[in-house]
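Q: Please read through the structure below; I'll follow up with questions.
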Amino acid sequence: MPEQVAVIGAGQMGNGIAHVFAQSGLEVTMIDVSPKALSRARTVIAANLDRQIKKGALQSADKDAVLARIKSEQALDAAEAASLVVEAATENRDLKFKIFSDLDAVARSGAILATNTSSISITEIAARTKRPESVIGMHFMNPVPVMQLVEVIRGLATSDDTTARVLELTKTIGKTPVEVRDYPGFVANRILMPMINEAVYCVMEGVGTVESIDTVMKLGMNHPMGPLALADFIGLDTCLAILEVMHDGLGDPKYRPCPLLRTYVAAGWLGRKSKRGFYAY
Ligand SMILES: NC(=O)c1ccc[n+]([C@@H]2O[C@H](COP(=O)([O-])OP(=O)(O)OC[C@H]3O[C@@H](n4cnc5c(N)ncnc54)[C@H](O)[C@@H]3O)[C@@H](O)[C@H]2O)c1
């Protein structure tokens, strides 16, 4: 087990990842360029711990201890002491490439450098460092404290040792790892995003209303959430970014993002996080 974990990006995924590691007894440093994101992350983690207490999944006496294990920092240098770094910053290739090249100069030797990217090539991210053997994909699902799955993705140069440590660690924090190949969108989003994109086309073409499309998928397919509510939950900017990576990387027009999705993102309608997407929040 690593003693110290650094989580880069304290958005909805970063705060969930920090929560889960801290709840497993590890010291966590959340690093985000935005002080607002850092303070919001603490509020969200506290509220999610309260929810676990209500459900009987956590003793109320443990809440303060979990929160006390989470520090907040703005500079990447704060990742220096970590033996595991999980990057969960915005889904953007150039941003992640820059973070990993900077991280390579900061992180201690032997540290595992994981990325929570939804779609970007682990091999390409790893190539920004001088230690590609230590770079791996650790793709958590949203909301992290609730969802069981972690997709584990090796890059071309990822070592057996790094992979074995991440598979073991994933189980230690109570999650189930599934190893998949480094391919645009991996498995989860390769299957999920075309469904979400098709639902957006159905809205654009007037096949159904937002509510009727979601109701068809909930009642007809037994999905717990409709695809448009799920897209709002994931973040429409993140959905668009993932579709772009799949469209570029796989070269098949079936992955082209729906123009209506682009329009919403251009308007700043990003879903729950901006309080407006296919639904108003
Ligand atoms: N939203 C989902 O359902 C979901 C699920 C699985 C994986 N992911 C992946 O997780 C990652 C984060 O997604 P999210 O939904 O949490 O996004 P988000 O928009 O909620 O948060 C991203 C955070 O990254 C921060 N950030 C930007 N640049 C940074 C930098 N240089 N250094 C440190 N922090 C920086 C932003 O300030 C923001 O707080 C993405 O790669 C995304 O694809 C998202």
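Q: Show me the helices (runs of 4 or more DSSP H) found entirely inside segment 1-113 where at least 3 residues are open to solvent by less than 30 Å² (accessible area, probe 1.4 Å). Please lay out each step first, then the result.
A: Numbers: elements: 12-23, 35-54, 60-68, 93-106.
Counting at least 3 such residues, we get 12-23, 35-54, 93-106.
Q: Moving to a separate point now. Would you say residue 237 is closer than 21 Å to residue 264 by Cβ, within 15 Å of the ligand (Cβ to nearest atom) and of a type in the set (D, E, K, R)? Show your work before the answer.
A: Details: closer than 21 Å to residue 264 by Cβ: yes; within 15 Å of the ligand (Cβ to nearest atom): yes; of a type in the set (D, E, K, R): yes.
So residue 237 fits the description; yes.
Q: Answer yes or no as to whether residue 196 is touching a residue at least 40 places away in the same chain (Cβ under 8 Å), more than 30 Å from residue 3 (Cβ to Cβ) and open to solvent by less than 10 Å² (accessible area, probe 1.4 Å). Break it down into steps so the answer makes sense when it comes.
A: Details: touching a residue at least 40 places away in the same chain (Cβ under 8 Å): yes; more than 30 Å from residue 3 (Cβ to Cβ): yes; open to solvent by less than 10 Å² (accessible area, probe 1.4 Å): yes.
Spelling it out, residue 196 is indeed touching a residue at least 40 places away in the same chain (Cβ under 8 Å), more than 30 Å from residue 3 (Cβ to Cβ) and open to solvent by less than 10 Å² (accessible area, probe 1.4 Å).
Q: Go through (1) out of contact with any Asp or Glu (no Cβ under 9 Å at 6 or more places or on another chain); (2) within 25 Å of residue 233 (Cα to Cα); (3) in contact (Cβ under 8 Å) with a residue 60 or more places away in the chain; (4) of a type outside the set (Phe, Trp, Tyr) one by one and return the number of the condition residue 10 breaks.
A: Condition not satisfied by residue 10: (1).
Q: Picking from 153, 125, 120, which residue would you name as being open to solvent by less than 10 Å² (accessible area, probe 1.4 Å) and assigned to a loop (DSSP other than H, G, I, E, B)?
A: Details: 153 fails: assigned to a loop (DSSP other than H, G, I, E, B); 125 fails: assigned to a loop (DSSP other than H, G, I, E, B).
That would be 120, the only listed residue that is open to solvent by less than 10 Å² (accessible area, probe 1.4 Å) and assigned to a loop (DSSP other than H, G, I, E, B).
Q: Please tell me if residue 168 is without any contact (Cβ under 8 Å) to a residue 12 or more places away in the chain and not assigned by TED's automatic domain parsing to the domain that holds residue 100. Lay out the reasoning, then the answer.
A: Working: without any contact (Cβ under 8 Å) to a residue 12 or more places away in the chain: yes; not assigned by TED's automatic domain parsing to the domain that holds residue 100: no.
Against the criterion (without any contact (Cβ under 8 Å) to a residue 12 or more places away in the chain and not assigned by TED's automatic domain parsing to the domain that holds residue 100), residue 168 does not qualify.
The values are calculated or read from the model by the stated rules, or taken from the named source; none is laboratory data. The shown structure was predicted, so the numbers you read here are calculated from the model rather than taken from an experiment. So basically every Cβ, Gly included, is an ideal-geometry build from the backbone, and we count neighbours across all protein chains shown. Just so you know, the surface numbers come from the protein's heavy atoms only, side chains and all, with ligands and any DNA or RNA stripped out. Shrake-Rupley method; radii C 1.70, N 1.55, O 1.52, S 1.80 Å.
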